[in-house]
Each structure stands twice: as structure tokens, then as C-alpha cells.
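Here is the structure we will look at, set down as C-alpha cells.
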Amino acid sequence: MPSEIVRKLENKERPMGRERREVIRLVVGEILAIFPTPGKKPLSEIAREIVSAYPQSFRDVIEDQVVGSGYDSITKQLQSRIDNLNRGKTSLYLKRQASSTSEGEDLLTKTMTLDTYGCINWQPQRLPPGETVETQKCIQEELKAMHRNASKEVKSIEKKLVATFYTQRSNIITGMETNVLVRVAISI
């Protein structure tokens with residue numbers, strides 16, 4: 001541990017935010033060396049021990065009143081640090097298998113990373129199979145007509161939106177302004 005932090009702890013002074021985060025980094029490094037996925041209970045126990053060893057430096061106090069258990073904030077910092085270090089290793093970041101087949105082409109299986117916000121194809125490379133620019137425009141016309149008629153055919157609308165995803169994303173990726181996109185959508 002850096003000597004400045006050790007000096008502050010020995011003098012019963014509160015470490016500055018940067019120093020406190022350094023302590024958290026060091027403690028979490030030691031924890032993860034022993035146990036890669038600690039739960040809240042062990043972290044809470046470790047935080048309690050830290051606060052009991054250095055109460056003047058780490059206890060949660062507001063106007064001479066102990067807040068909560070006195071070690072809630074350090075528990076939260078330990079949890080956050082571990083969550084940040086383990087980001088990308090959880091089930092939310094699992095990969096899915098995507099396969100592509102066409103006549104005369106071998107079965108190609110590749111792994112696509114799944115974005116946690118749900119978008120797995122934010123920059124499509126080509127039109128979907130069997131689609132052309134003309135069919136895309138035709139489907140967009142149908143969507144506009146459905147909108148004008150206040151169509152309630154949700155499944156049909158969803159299918160058409162999925163079918164025109166490539167064109168929509170291509171227009172957005174090219175950097176078109178919103179008002180230009182609206183004009184393009186109206187004129188199609």
C-alpha cells in the first residue's frame with residue numbers, strides 16, 4: 001500500500017477519494033486472487049473488518065452520526081469494483097452461434113458477440129437474401145400505406161420492419177440528418 005495512505009490510516013485521517021479508491025483496488029485485487037466471484041456477504045464482512053480496523057478513516061459518518069451499518073459505502077465500492085472487473089465474463093455477454101447456408105456454399109458457423117442492449121447487427125454488410133433495393137422500397141411503401149391507414153396488423157408490420165432493417169441502418173450509418181431521413185422516408 002502506498003506510504004501516504006498508510007500514514008493517513010495510522011494518523012486516523014480520512015483518505016481522499018483517489019486514495020480510498022486505491023485501497024479498494026488493492027483489496028479487490030487480493031480478494032480476486034483467492035475467490036474470483038465473491039458474493040455480497042463476504043464483501044460485507046471484509047468491509048466490516050476494514051472499518052473496524054480503521055474506524056476514523058473508513059466509517060460512514062455524517063455529522064458525528066454513524067450512517068447505516070457504518071460500512072455500507074465501502075461494501076458498495078468493493079461490489080462495484082468487482083462488477084467492473086468481471087464485466088464481459090457474465091452470462092449477459094454470452095455468444096450465440098450464427099450460421100449461413102446457401103446453395104454451393106459449405107455450412108459456415110461463426111460466433112457473433114451479443115451486445116447487451118440487444119443489437120447484434122448494428123452495421124449490416126449486405127441486403128438480406130432475396131432482397132433488392134427495389135423490394136426494399138416496395139416494402140417501405142407498404143409500411144407507409146399501413147401507417148396512413150392506421151393498420152393494426154402488428155405481426156405484418158414487424159416482419160416488414162425487420163425486412164427493411166438493412167436500408168434503415170444504411171441510411172443512418174451514412175450520417176444523414178434526421179430531417180433528411182424523414183424526407184427520404186416520405187418520398188420513397
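Values in this text are rule-based calculations from the coordinates and carry no lab data. Keep in mind it's a predicted model, so treat the numbers as computed, not measured. Neighbour counts are summed over all protein chains in view; Cβ atoms, including those assigned to glycine, are modelled from backbone coordinates with ideal geometry.
What's the exposure ranking of F35, F165, going from fewest to most Cβ atoms within 10 Å?
Values: F35 11, F165 14.
Result, fewest neighbours first: F35, F165.
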Computed over the range 1-68: relative contact order in percent, which uses C-alpha pairs under 8 Å that are six or more apart: 35 percent
Residues in the range 151-170 reached by a label modelled at M176 [backbone nitrogen below 15 Å; 7 Å Cα→Cβ]: 164-170
Too-long pairs where the Cα-Cα distance tops 22 Å, listed order kept, from K12/K40; K8/K41; K137/K159: K12/K40; K8/K41
Mean-position separation - Cα centroids, the range 124-180 and the range 18-74, in angstrom: 53 Å
Contour minus Cα-Cα distance for E10 and T132 (0.36 nm per residue): 36.6 nm
Inter-site label distance for S3 and R18 at 7 Å from Cα along Cβ, in nm: 1.8 nm
DSSP-loop trypsin sites (Lys or Arg not before Pro) across the range 136-188, with at most 12 other Cβ within 10 angstrom: K152
Stretchable slack from R87 to D72, in nm (0.36 nm times residue separation minus alpha-carbon distance): 3.2 nm
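What ratio of Cα Rg to 2.2 N^0.38 Å holds for the range 117-187?
Details: Rg = 12.6 Å, N = 71, 2.2 N^0.38 = 11.1 Å.
With N residues counted in the range 117-187, Rg over 2.2 N^0.38 Å equals 1.13.
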Distance-filtered residues of the range 1-29 - backbone nitrogen under 15 Å, label point 7 angstrom along V61 Cα→Cβ: 9-16
